[in-house]
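Heads up, the thing below is written out as structure tokens.
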Amino acid sequence: MAAASPLAAALVAATALAATPAAATPQGVAAPDVVLTGDITGQDHQTYREAPFTVPAGVTRLTLRFDYDKGAHTVIDLGLLDPERFRGWSGGSKSLVTIAPSDATPSYLPGPVVAGRWRLLMGVPNARPGSSSHYTARIWFDRGDGHAATDAATPPPLRTGEGWYRGDLHMHGAHSDGSCASQSGVKVPCPTFRTVEAAAAAGLDFIALSDHNTASQMDDIRELQPWFDKLLLMPATEITTFHGHIQAIGLRRFVDFRLGTPHVPTMGALADDAAKAGAILSINHADLPSGELCMGCGWTAPGTPYDRLTAIEVVNAKNAEGPLSGFAFWYARLNEGHHLTGIGGSDSHDPDAPDGRAPVGRPTTVVHARELSQEAILDGIRSGDVFIDVEGKPGRLLEVEAEAGTAHAPMGGTLTLKEGALTLDIHAAGVAGGVVEVVHKGQPLPETTPIASADARTRVTLRREQACGWVAVNIRDGKGAPLLVGNPVYVDCR
Ligand SMILES: [Zn+2]
Ligand SMILES: [Zn+2]
């Protein structure tokens, strides 16, 4: 439509602004539980307006998205009151707010989402005489197994596109026993920011901040993630029991650790709770000693439902080989028929990593994922197309594709082998001078293949008796130390 006069042009512009629809519900997110709408007019200039809403019992997170028509220079500042107290005031700085017992958007206080009458508080520093501005507040609740509020608060992927993403799935900071040197050189609980900086400096794409038996680090993640917009920060808890340590990666809330008490009577109950909290489970440093030598370090929990776990931490810190590595435990579970992804974790307790301790990113777990988002990384670990870069050297790569007849499978996949041979197509980068080792049901095959170039493709053919069950590829250096640890391809010969 062409405007015939300056006045008409101004009217068209104003109409276009007024007609701008408030941002719709984000894609993939359920419809809001509550929608509040209204109009702010010139009469509201420099006043506070309230819009009440009811939070039912049993809500564990609340997410609010606030949109309004900013035409005519109207400004609406935002705050929230729960039935008992002020929960925060973000002024004009935020349009998306989430509040839960563990974490809240900066400006807001984490804590229980108490049932009752809440109020959206709108401050109006400016509304011109005669103006009118429409607002929409969409509010989502997490309740029981539903997590609409978590979904609504989830940021978009940090990077789109399928690829190999590098991360560290195990580290500690001030929220448990991580420490570092203060300004004066005194060992103090180490702020989360320092650990996250170290991960960014190591060139990682994602980390799991996994303090012992707490989810209090989630509030730091709320604050840090917008600034670290190239490094995905995943909440995790190292569930630390008297019978071993198990990593809950990607959880939405606290998971009770008191295994063997009425609170968490069995490992099955722990697995139930972790699944409801949205996490995958991985046993940490399973082969460390237990007892007074290392209290509850090795994995001794009775009745572990391995089919409900996702992963095993095969390489913890510098324990890539020898009695403290997790290989024996992992291989034993694979030989029992469980499909568990081998991962690694630095178990960093100090981002400055004094000599002898593994720094953040050593080892690195490298995950083939559809994008860089928490759900995609968790799905990638579930799928098993994953390798461990023992020394954490950016640029190292291990891709494995198994072939039987016309069927193909990557690491973590299953192939049926009725007859004939199995071929492994191996792509290894950054490991020239090393050798390809093929492991069959936990035993390395005697022949190894040297890697001559920095970007090498190797083809290995296995007879049926060398392939049935599961096979995995490792890359070792010239002295035999593991550099890259591949995950199994499962081979069904029945
Ligand atoms: Zn541990
Ligand atoms: Zn740990």
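This table checks each residue for (1) among the acidic types (Asp, Glu); (2) within 25 Å of Gly412 (Cα to Cα); (3) within 16 Å of ligand 1 (Cβ to nearest atom).
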{"residue": "Pro235", "(1), (2), (3)": "no, yes, no"}
{"residue": "Phe257", "(1), (2), (3)": "no, no, yes"}
{"residue": "Thr266", "(1), (2), (3)": "no, no, no"}
{"residue": "Asp272", "(1), (2), (3)": "yes, yes, no"}
{"residue": "Gly278", "(1), (2), (3)": "no, yes, no"}
{"residue": "Ile283", "(1), (2), (3)": "no, yes, yes"}
{"residue": "Leu288", "(1), (2), (3)": "no, no, yes"}
{"residue": "Val315", "(1), (2), (3)": "no, yes, yes"}
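Checking each residue in the range 427-440 for being crowded, with 21+ Cβ neighbours inside 10 Å, within 31 Å of the chain's Cα centre (by Cα) and either free of Cβ contacts under 8 Å to residues at least 24 places away in the same chain or within 17 Å of Gly395 (Cα to Cα) (or both) picks out Ala428, Val431. All of (1) more than 14 Å from ligand 1 (Cβ to nearest atom); (2) free of Cβ contacts under 8 Å to residues at least 60 places away in the same chain; (3) of a type in the set (Asp, Glu) hold for Glu321 with one exception: (2). Has the range 183-201 got any residue that is within 30 Å of Met411 (Cα to Cα), more than 18 Å from the chain's Cα centre (by Cα) and away from ligand 2 (no atom under 16 Å from the Cβ)? Yes, the conditions are met somewhere in the range 183-201. Among the residues of the range 299-318, those identified as part of a loop (DSSP other than H, G, I, E, B) and either buried (at least 16 other Cβ atoms within 10 Å of the Cβ) or within 15 Å of ligand 2 (Cβ to nearest atom) (or both) are Trp299, Ala301, Thr304, Leu309, Thr310, Ala317, Lys318. Just one residue in the set Ala369, Ala328 is more than 16 Å from ligand 2 (Cβ to nearest atom), assigned to a strand (DSSP E or B) and touching a residue at least 24 places away in the same chain (Cβ under 8 Å); that residue is Ala369.
Suppose we keep only residues that are more than 16 Å from ligand 2 (Cβ to nearest atom) and farther than 16 Å from Glu375 by Cα within the range 231-262. Which one would you say is surrounded by the most Cβ atoms within 10 Å (Cβ to Cβ)? Looking at residues that are more than 16 Å from ligand 2 (Cβ to nearest atom) and farther than 16 Å from Glu375 by Cα, I get Leu259. Determine which member of the set Phe254, Phe206 is of a type in the set (Phe, Trp, Tyr) and touching a Ser or Thr at 6+ places or on another chain (Cβ under 8 Å). Going through Phe254, Phe206 in turn, just one is of a type in the set (Phe, Trp, Tyr) and touching a Ser or Thr at 6+ places or on another chain (Cβ under 8 Å): Phe254.
Can you tell me how many residues within the range 271-298 are of a type in the set (A, V, I, L, M, F, W, C), assigned to a loop (DSSP other than H, G, I, E, B) and surrounded by fewer than 22 Cβ atoms within 10 Å (Cβ to Cβ)? The total comes to 5. Within the range 132-167, if we keep just the residues that are aromatic (Phe, Trp, Tyr) and within 17 Å of Ile377 (Cα to Cα), the residue that is surrounded by the most Cβ atoms within 10 Å (Cβ to Cβ) turns out to be Tyr165. Among the residues of the range 437-450, at least one is at pLDDT 95 or above, among the basic types (Lys, Arg) and not assigned by TED's automatic domain parsing to the domain that holds Thr341.
Across the range 189-221, what is the total count of residues that are β-branched (Val, Ile, Thr) and in a strand (DSSP E or B)? Even if it seems obvious, please write down each step before you answer.
Going residue by residue through the range 189-221, those that are β-branched (Val, Ile, Thr) are 192, 195-196, 207, 214, 221.
So of that shortlist, the ones also in a strand (DSSP E or B) come out as 207.
Summing the residues that are β-branched (Val, Ile, Thr) and in a strand (DSSP E or B) in the range 189-221 gives 1.
Is one or more of the residues making up the range 332-341 outside any helix (DSSP H, G or I) and within 30 Å of Ala181 (Cβ to Cβ)? Spell out how you get there, then give the answer.
The initial filter retains those residues of the range 332-341 that are outside any helix (DSSP H, G or I), namely 336-341.
This time we only want the ones that are within 30 Å of Ala181 (Cβ to Cβ), so: none.
The answer is no, given that none of the residues of the range 332-341 is outside any helix (DSSP H, G or I) and within 30 Å of Ala181 (Cβ to Cβ).
Residues in the range 225-271 that are more than 24 Å from Ala286 (Cβ to Cβ) and of a type in the set (A, V, I, L, M): 3 in all. Out of curiosity, is Gly392 surrounded by fewer than 24 Cβ atoms within 10 Å (Cβ to Cβ) and either out of contact with any strand residue (DSSP E or B) (no Cβ under 6 Å at 6 or more places or on another chain) or of a type in the set (D, E, K, R) (or both)? Against the criterion (surrounded by fewer than 24 Cβ atoms within 10 Å (Cβ to Cβ) and either out of contact with any strand residue (DSSP E or B) (no Cβ under 6 Å at 6 or more places or on another chain) or of a type in the set (D, E, K, R) (or both)), Gly392 does not qualify. Please go through the range 158-186 and pick out each residue that is over 26 Å from Pro351 (Cα atoms) and part of a loop (DSSP other than H, G, I, E, B). Within the range 158-186, none qualify. Scanning the range 312-352 for residues that are closer than 24 Å to Cys493 by Cα and either within 23 Å of the chain's Cα centre (by Cα) or basic (Lys, Arg) (or both) yields Trp330, Arg333, His339, Leu340, Thr341, Gly342.
Just to be sure, is His170 modelled with pLDDT of 95 or more, within 16 Å of ligand 1 (Cβ to nearest atom), surrounded by 23 or more Cβ atoms within 10 Å (Cβ to Cβ) and under 19 Å from Ile249 (Cα atoms)?
On the way: modelled with pLDDT of 95 or more: yes; within 16 Å of ligand 1 (Cβ to nearest atom): yes; surrounded by 23 or more Cβ atoms within 10 Å (Cβ to Cβ): yes; under 19 Å from Ile249 (Cα atoms): yes.
Criteria met by His170.
Collect the residues in the range 230-259 that are assigned to a strand (DSSP E or B) and of a type in the set (A, V, I, L, M, F, W, C), keeping them in residue-number order. Before the answer, list the steps.
Filtering the range 230-259 for residues assigned to a strand (DSSP E or B) gives 232-241, 244-249, 259.
Leu232, Leu233, Met234, Ala236, Ile239, Ile246, Ala248, Ile249, Leu259 - these are the residues of the range 230-259 that are assigned to a strand (DSSP E or B) and of a type in the set (A, V, I, L, M, F, W, C).
Per this entry, Val114 is counted among residues that are in a loop (DSSP other than H, G, I, E, B) and of a type in the set (Val, Ile, Thr).
Checking each residue in the range 173-201 for being closer than 23 Å to Gly392 by Cα, more than 16 Å from ligand 1 (Cβ to nearest atom), surrounded by fewer than 22 Cβ atoms within 10 Å (Cβ to Cβ) and small (Gly, Ala, Ser) picks out Ala200, Ala201.
The values are calculated or read from the model by the stated rules, or taken from the named source; none is laboratory data. Here the structure is a predicted model, which means the values were calculated and not measured. With ideal geometry, Cβ positions are generated from the backbone for all residues, glycine too; neighbour counts draw on all protein chains shown.
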